[in-house]
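Everything below concerns the one structure shown next.
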């Protein structure tokens, strides 16, 4: 076993302590919710569609996908996938998300 210095614990005990430390775990980046800390590291985006959006045309989906990727904090379902160079942001767009986009645009007077 590897001795972790003068504290007399093995490496396995040290790793177990780190994993069980709840404060350490909660400060790690969340990969299944919007995280502004990860946004600067996004190098690729993907857009998926919830079943309730099947009636949208291909053109409408392209417009909504661009708008949703510009406002990822509005997404109900967002995940980040780690890559060698950063993160991939994956958003699954639902009717509720489209409603949020619309509400934000009307509130800002953009329509």
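Taken together, the values in this text are just the output of simple stated rules run on the coordinates, not laboratory data. Since we're looking at a predicted model, the values are computed, not measured.
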At 0.36 nm per residue, and after removing the present C-alpha to C-alpha distance, how many nm does the segment from residue 104 to residue 32 gain when stretched out fully?
23.6 nm
Length released on extending from residue 95 to residue 55, taking residue separation times 0.36 nm less the Cα-Cα span:
13.4 nm
